Amino acid sequence: MAPRPGLDANIVLMAAVEIANRQGVQAVTLASVAASLGVRSPSLYNHIRGLEELRARLALYALEQLYSKVNEAAAGLRGRKGVEQFAYTYIRFAREHPGLYESAQLVPQGLNEKELKEAGQRIVDLVLQLLEPFELSREDALHAVRGLRSLIHGFASLEQLGGFGLPLSLEKSLDFNLRIFLTGLEQ
């Protein structure tokens, strides 16, 4: 079967992004992507090898977009201000692109594994740079990266799932917890 004119791997990916952001990453299937593009599922095989590849491309795109946003927000900053900008931008990305954010957390194994690891490592390296003024050992800095990720991923995930039922400002809660985390690093 010949590829449909005007359809390419990037258009297929962008259709998957739209579905993921609107309905969640589990709603991204070959059938849903094909339907959104007005083609039959077998037509997608002219552009991707299958659902695993599509999800791997989606995860890579998500990590690249997340890195682009947090890197831009923290440009020229280090220490407390840099970490705060990173965290607020990370949370905003999760809010504005829920399906992409979810996809970045569910990194598939196998396909594009090297590129996926490199994309994730760029984010880790950025946080390590932001943490430099705290003068942590390499090991402690990596623990801090994990701690920060746990804090902001936990916050983003609970918010997406409606897990914050108390009548308190989410922004104040995020500010409070970031302040505690950063104060701990300063000591």
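We did not get these values from a lab; they are worked out from the coordinates using the rules stated. What you see is a predicted model; the values in this text were computed from it and never measured. Neighbour counts are summed over all protein chains in view; Cβ atoms, including those assigned to glycine, are modelled from backbone coordinates with ideal geometry.
Going by alpha carbons, how many degrees (0 to 90, nearest 10) lie between the helix axis of 9-23 and the longest principal axis of the chain?
The angle comes out near 60 degrees.
What list do you get for VAL145, VAL124 if you sort them by fewest beta carbons within 10 Å?
On the way: VAL145 19, VAL124 14.
Least to most surrounded, the residues fall as VAL124, VAL145.
Expected output is a single nm value to one decimal: the length gained when fully extending between GLU118 and SER137, i.e. 0.36 nm times separation in residues minus the C-alpha distance. What is it?
4.6 nm
Quick one: helix 138-160 against the long Cα principal axis of the chain, what's the angle to the nearest 10°, folded into 0 to 90?
Roughly 60 degrees between the two axes.
Cα axis of helix 79-96 to longest principal axis of the chain: angle in degrees, 0 to 90, nearest 10?
The helix 79-96 is inclined about 30 degrees to the chain.
For ALA74, what charge total do you get from the other residues with a beta carbon under 15 Å from its beta carbon, if Lys and Arg give +1 and Asp and Glu give -1?
+3
Compute the label zone of SER173 within region 63-101: residues whose backbone N is under 18 Å from the point 7 Å along Cα-to-Cβ.
87-96, by backbone N distance to the label point.
Among (1) 11.9; (2) 13.9; (3) 9.2, find the value of mean projected area of the Cα convex hull in nm² that was calculated from the structure presented, and write down its label.
The listed entry that was calculated here is (1).
Got a sec? How would THR183, THR29 order by Cβ neighbour count within 10 Å, fewest to most?
Result, fewest neighbours first: THR183, THR29.
Pop the C-beta distance of ARG146 and VAL39 into the FRET formula with R0 = 41 Å and round what comes out to the nearest 0.05.
About 0.45, to the nearest 0.05.
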